[in-house]
1. For residue 521, what accessible surface area do you get with a 1.4 Å probe? Give it in Å², rounded to 10.
2. So for segment 353-425, Kirkwood radius off the Cα pairs, Stokes-Einstein at 10 °C and 1.306 mPa s: how many µm² s⁻¹?
3. Roughly what % of DSSP beta bridges within the chain run antiparallel, to the nearest 5?
4. Expressed as a fraction of 2.2 N^0.38 Å, the rule-of-thumb size for a compact globular protein of N residues, what is the C-alpha radius of gyration of segment 11-144?
5. Using the Kirkwood radius built from alpha carbon pairs, what does the Stokes-Einstein equation give as D for the chain at 25 °C and 0.890 mPa s, in µm² per second?
6. Please list the radius of gyration and Dmax for segment 444-486, considering alpha-carbon atoms only, with Å as the unit.
7. Just the C-alpha atoms of segment 503-644: what Rg/Rh do they give, with Rh taken as the Kirkwood radius?
8. Specify the longest stretch of the chain that does not include any exposed loop site, a site being one of the trypsin sites (Lys or Arg not before Pro) with a non-H, G, I, E, B DSSP assignment and at most 15 other Cβ atoms within 10 Å.
Amino acid sequence: MVLVRIALWLLASATLTPLWATTLAEVERLSEQRRLGEAEAQLQALSGHGDPAALDLEAARIVLRRGQFVFAEQRMLRWFDDHGAQLSDTSPLKQRAAIVLAQSRFEQGELQHAETALQGIQSANTAIQAERAYALAAVYLAMGLADRARDELLPALQTPGLPALLRAQLLCYHAYAELVRGDVSAAGGAVDEALMLRQRHAPGSVSEGVAHFFLSHVQAARGQNEAADRSLMTAIEQLEAERARQSDDGDVQTQWAGQFAFFYREAIQRAADRGDPATALSLAQRMRGSPPQVPRLDEHSLLLSYVVHDRRTLLLSLFRGELRVADLGVTQAELHEAVTAALLMIAAREHADRGALEHRLSQLYRQLVAPAWQPGAQRVYLQTDGPLHALPFAALIVDPETGRYLIENAALLRADRLHESTEAPMQEPGALWVFGDPDHASAHELRRLSGATREAQNIAELYPQAALLIGDDAREAALRALPAHADVHIAAHMLRHPLDDKRSMIALAPGEGEDGWLHDDEVARYAGQRALVVLSGCASQRGTLASGGPLSMARAWHRAGAHSVLATLWQVPDDATASMMLAFHQTRLQQPDVSIALASAQRDWLARHRQPSWLDRAQLWWSRTNAEAMTLPFYWAAPVVSRS
């Protein structure tokens, strides 16, 4: 009997590993095809079987291919902590892990770091050599070094027995390198083979779409513009067809699709260059996940839709039925530098050189808004892109002589997704649930927010149908009783997770079976058709950038049914925010349009601190506050309104 058991065990041992290896190979194949939802499902089925290091590495590659680059880097660092010491430096698995880590850093813009890491990988394994060449070529192409990229790719392409999809990847980069070098014939040969391989081994996938994208560049270089447009649209259609297959989670789909937003940006540029603004705007809506149509605006509304490309930035504007396209003459890198500089000066508050800050904000207005401004505009719909998601447009200076801000000319509304009609529901404000300064006893590092208590109390007094929950009463569990149509105002700590936006959270009070941490992915439990949700906390509008806008806490409430969300772009000062939010609600009771109510509150703030009354002066003196300093954008420009 014992011998039978041993024989059975030996048989199982002999067959289990090949079966596991075969299944992992299928996971890798699906991952290479960018069918990540299917790959992840099969990988989860393998959990607990086979080599943990190989499984963890493939899981990290899926995260990387979803566009979660920071998260992928952290997973790879953990991989080296967990498995690195058990493997030799010549192990193919460890070398492949080093390539994935370098790729995660490359995708975050750390080109020199990625180049150094990849150059240090020396392998006798031909497949590893080819993967390294592919990753290093990507770095060199990003650096503008097409010759060096070609030098990496050509030897790798001579490797016999390469997996078909890896060879197709190498060929696509080879085609791009040859295009940059001006050899259209060589580029055409490379991309034709790449497309053939992907049509055979990954038909209909976004991998095939990437080959069509490169083919469109070759066709454009040959002067075959109509064929180039058709190839580009094929790439977009394959991307959109594949999007739903990546995950059941809409945000994961959006982040994955964001990696391929260059499909849309290229098509938008071509439409703009041939004088077709309607097609350009339709494509811009598709890029953001909206219906591909030109929205209808009222006669006082202006749409500013930005498309930020590596080499240029386009502004698509719509006013009273007239569509225009403007090339703003600024690259993505230049825009990122300008916006970052402005944000740093805003954050410095009184310590910044006010003249330099005002010059920067005036310059950004001239670059970004002035080319499309219309004097009759009273409301501006903003569709931001790239670094512009973080920019407080309200604080852009229209007139350097008077210091007049854009918010003093028009109400602003962020609408990354627009449908054909932009009419806002104008129902009168009804029930409002107000959460203020929740007592999260387990988080001793979170200070209590006395200003949030006053904010909640003062706002609740304005509404006849208000539910006020403060301190220990401001529990996460209280959300269970939240009526489906009640509006919500939360004045609390909001904590953004540095790696995974799903783990960002609002700090409410614990109790009744809830831990008090309201995570992004828990908001859906409290879905309802709410006219307004106010997230009066730090940086509730910020999140990982995707093609449809930041994956922020504000976006989580939009997904849960909120029509308008008022959120913030940076860490906000307690007392100033309490005053601003009170003024906002006072106006909203008279003017249900949320964007107009916020604009009114911000204008009132500026007026009161530019020319304070004797009562305002007394209050400012008592609080030892400088009135002029309070007009700095840091104190009033963080709140923004977004509409679903």
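1. Looks like 90 Å² after rounding.
2. Values: Rh = 13.3 Å.
Taking Rh from Cα pairs, D becomes 120 µm²/s.
3. Numbers: 29 of 58 bridges.
Approximately 50 percent, going by the DSSP bridge assignments.
4. Working it through for segment 11-144, the quotient is 1.06.
5. Numbers: Rh = 27.0 Å.
Stokes-Einstein gives a translational diffusion coefficient of 91 µm²/s.
6. 12.0, 35
7. Numbers: Rg = 16.8 Å, Rh = 16.4 Å.
Using Cα coordinates only, the ratio equals 1.02.
8. Values: sites that count: 222, 274, 311, 320, 447, 448, 624.
My reading of the result: 1-221 is the longest stretch.
The values are calculated or read from the model by the stated rules, or taken from the named source; none is laboratory data. In this text the structure is predicted, and so the values were computed from the model without any measurement. Methodologically, a virtual Cβ is constructed for each residue, glycine included, from the backbone with ideal geometry; neighbour enumeration extends over all protein chains shown. Side chains included, ligands, DNA and RNA excluded: accessible areas come from the protein's heavy atoms. Shrake-Rupley method; radii C 1.70, N 1.55, O 1.52, S 1.80 Å.
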